[in-house]
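*Asks:* Sharing a structure below in structure tokens format, with a few things to ask.
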Amino acid sequence: MRKEVPNVRLYIAGAGNDLPRLKTIAEAEGVSDLVTFLGFLPFDQIHSYMTKSDLCLVPHVYNDFINTTIPNKLFQYMALQKPVLVSNAKPLARIVRQCDCGFVFKSGSREDAAAKIIAAHHARHDNSYGARGKICAEQYYTWEIASRELLRVYRGLTQKTQEA
């Protein structure tokens, strides 16, 4: 990937339990010079990294738990008109494909992730990914819309409980 995307850099924010393991992996793979571990950052500082990025990543592992969740950062990236790279975790892949706002790689496949980063690099001047993401986030993924759906689900659960 270094040949195809010579300026590639990965910035990882957070200070979770996986941080030492991620640093070890970066060293073992010989990419420590390309990865910057930022540690914990307040949101206003993370925002500056997002705005400067050419591609924003949500590399969630494909599993039953992750397949029931959607991180807010996906919508933050979309609202900032950033193309996204997500794993094929069901909700992430569904949103990115429906909105046509980025790229989907197979979870656990570094080869596929690298191929998608290269594809994103080749499409870096195509602002339509970010534009579609912003439109989609504003039309379908706002708190107002999400809260209506959650209330509908909760009311349905309450009704089923009362009928039982």
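*Asks:* From the list F105, F75, F65, pick out the single residue that is touching a strand residue (DSSP E or B) at 6+ places or on another chain (Cβ under 8 Å) and of a type outside the set (S, T, Y).
*Replies:* Just one listed residue meets the conditions, F105.
*Asks:* Turning to a different aspect of this structure: Mind checking which residues of the range 48-86 are loosely packed, with under 15 Cβ neighbours inside 10 Å and either closer than 15 Å to C99 by Cβ or of a type in the set (A, V, I, L, M) (or both)?
*Replies:* Of everything in the range 48-86, just one residue is loosely packed, with under 15 Cβ neighbours inside 10 Å and either closer than 15 Å to C99 by Cβ or of a type in the set (A, V, I, L, M) (or both), namely V61.
*Asks:* Looking at this structure, is D54 under 26 Å from A26 (Cα atoms), acidic (D, E) and more than 11 Å from the chain's Cα centre (by Cα)?
*Replies:* Values: under 26 Å from A26 (Cα atoms): yes; acidic (D, E): yes; more than 11 Å from the chain's Cα centre (by Cα): yes.
The answer is yes for D54.
*Asks:* Got a sec? Which of G14, G30, G108, G39 is in contact (Cβ under 8 Å) with a residue 40 or more places away in the chain and on the phi > 0 side of the Ramachandran plot? Even if it seems obvious, please write down each step before you answer.
*Replies:* Values: G14 fails: in contact (Cβ under 8 Å) with a residue 40 or more places away in the chain; G30 fails: in contact (Cβ under 8 Å) with a residue 40 or more places away in the chain; G39 fails: in contact (Cβ under 8 Å) with a residue 40 or more places away in the chain.
Every option except G108 fails the conditions.
Here, each number is a calculation from the coordinates, and none is a lab measurement. The model shown is predicted, which means the values in this text are computed figures rather than measured ones. Virtual Cβ from ideal backbone geometry, glycine too; neighbours counted across all protein chains shown.
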